[in-house]
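The values are calculated or read from the model by the stated rules, or taken from the named source; none is laboratory data. All values reported here derive from a predicted model rather than from experimental measurement. Here the Cβ positions follow ideal geometry from the backbone for every residue, glycine too, while neighbour counts run over all protein chains shown.
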Amino acid sequence: MAHIETWYRCPVCNQAYGSQGEAIDCRNAHLIVSERWAVGKGGKAVRINDNCSINGYGGINWALKEADMSDLVEVRKLQLKERNS
Ligand SMILES: [Zn+2]
């Protein structure tokens with residue numbers, strides 16, 4: 001006759017184990033994911049893409065500038081004018 005088993009699944013990689021302890025060990029063995037963000041003076045956060053060149057779109061310097069720029073078009077226009085003068 002069929003029987004019932006309880007499987008314990010790692011919430012990160014979905015691997016099933018026969019005991020809760022094994023699943024906890026698997027969960028804890030996964031690396032923490034880190035992200036770098038540029039945070040501007042107004043609190044705007046822009047994610048830094050580590051695969052982009054430093055000065056290119058998505059890179060560190062771009063993100064630092066973008067974080068200080070407003071998302072409001074009219075304010076942004078003034079900021080760009082200030083920056084280029
Ligand atoms: Zn896992």
Checklist line | Set R9, R27: member being surrounded by 11 or more Cβ atoms within 10 Å (Cβ to Cβ) and touching a strand residue (DSSP E or B) at 6+ places or on another chain (Cβ under 6 Å) | finding: R9
Notebook entry, point to check: If we scan segment 48-71, do we find a residue that is in contact (Cβ under 8 Å) with a residue 24 or more places away in the chain and either exposed (fewer than 11 other Cβ atoms within 10 Å of the Cβ) or polar (S, T, N, Q) (or both)?
Noted result: yes
Item checked: Verdict on L64 being within 16 Å of the ligand (Cβ to nearest atom), of a type in the set (A, V, I, L, M) and within 20 Å of the chain's Cα centre (by Cα) -> no
Checklist line | In segment 47-61, residue farthest from the ligand (Cβ to nearest atom) [restricted to those that are of a type in the set (A, V, I, L, M, F, W, C) and modelled with pLDDT under 95] | finding: I54
Notebook entry, point to check: Which of the residues spanning segment 11-46 are away from the ligand (no atom under 14 Å from the Cβ), assigned to a strand (DSSP E or B) and over 21 Å from the mean Cα position of the chain (by Cα)?
Noted result: none
